[in-house]
Amino acid sequence: MRIILVSHGRLALGMKDTVKFIMGDMPNLSAYAAYIDNNETEYVYSIEAELEHYPDEQFVICTDVLGGSVNTTMVQFLKDYKNVEIITGMNLPLVLQLLAQTSALDKESLANIIKQAQGGLVDVNQLLVNQQGKEDL
């Protein structure tokens, strides 16, 4: 499985750097920053070249924002590449779990990974209030 991170701006590049710090080089992970240096389409050609280069691989493309320009552009790949899954709202737990996946990614596994990544979203203020309340008991 190959994972592609794509964002408007440098989020995807920073996420890849963080993954490298935690897990080391991951040859199946690539990242693209859209709309950098006034180049609006180069990243699309680079991703398409990667899809063409590995036609027998499963791809997961992670984008930053649902309905954003990067996400809507990546959705266009779904009609021509049946080996592509697109996930939006990427975060580090999502990317790390995808990289830790050792077998083929089926719909159930993907749903579990997404659910676990969503669990990484925590209202820390409320968490502290809840913990404080328990300590008062």
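Stretched out fully, how many nm does the piece from Asn125 to Ser46 gain, at 0.36 nm a residue minus the Cα gap? Before the final figure, lay out each step's value.
Details: separation 79, 0.36 × 79 = 28.44 nm, distance 4.14 nm.
Extra length from Asn125 to Ser46 when fully extended: 24.3 nm.
Springs between alpha-carbon pairs under 10 angstrom, Gaussian network model over the chain: which of Leu127, Leu78, Leu110 fluctuates most? Ranking Leu127, Leu78, Leu110 by mean-square fluctuation puts Leu127 first. Once the Cα-Cα distance is subtracted from the 0.36 nm per residue extended length, the Val75 to Asn112 segment shows a gain of 11.2 nm. Projecting the Cα atoms of Ser7, Thr18, His53 onto the charge dipole of the stretch 1-99 (Cβ charges, centred on the Cα centre) puts Thr18 farthest toward the positive pole.
Where the alpha-carbon atoms of the stretch 1-85 are placed on the principal axes, they occupy 35, 31, 21 Å, in descending order.
Skip the ligands, DNA and RNA, and give the accessible area per residue of the stretch 13-104 with a 1.4 Å probe, whole Å². Please report the intermediate quantities before stating the final value.
Values: 5130 Å² over 92 residues.
Heavy-atom SASA per residue in the stretch 13-104 reads 56 Å².
Distance between the C-alpha centres of the stretch 1-59 and the stretch 61-104: 10 Å, rounded to the whole angstrom.
Considering only Glu40, Glu108, Glu48, the mean-square fluctuation computed in a Gaussian network model of the chain, springs between alpha carbons under 10 angstrom, is largest for Glu108.
Taking the 1.4 Å solvent-accessible surface of the chain as the whole, the part contributed by carbon and sulfur is 53%. Mean-square fluctuations from a GNM of the chain, with a 10 angstrom spring cutoff on Cα atoms, peak among Met74, Met26, Met15 at Met26. Comparing Leu29, Gly89, Val122 along the charge dipole axis of the stretch 1-122, the residue lying farthest to the positive side is Val122, per the Cβ-charge model. Put simply, the amide H of Leu5, placed in the peptide plane, has neighbours under 5 Å in Ser30, Ala31, Tyr32, Cys62, leaving out anything fewer than 5 places away on its chain.
The values are calculated or read from the model by the stated rules, or taken from the named source; none is laboratory data. Everything quoted here is computed from the prediction, not taken from an experiment. Using ideal geometry, Cβ is built from the backbone for each residue, glycine included, and neighbour counts are taken over all protein chains shown. Surface areas here come from the heavy atoms of the whole protein model, side chains and all, with no ligands, DNA or RNA. Shrake-Rupley method; radii C 1.70, N 1.55, O 1.52, S 1.80 Å.
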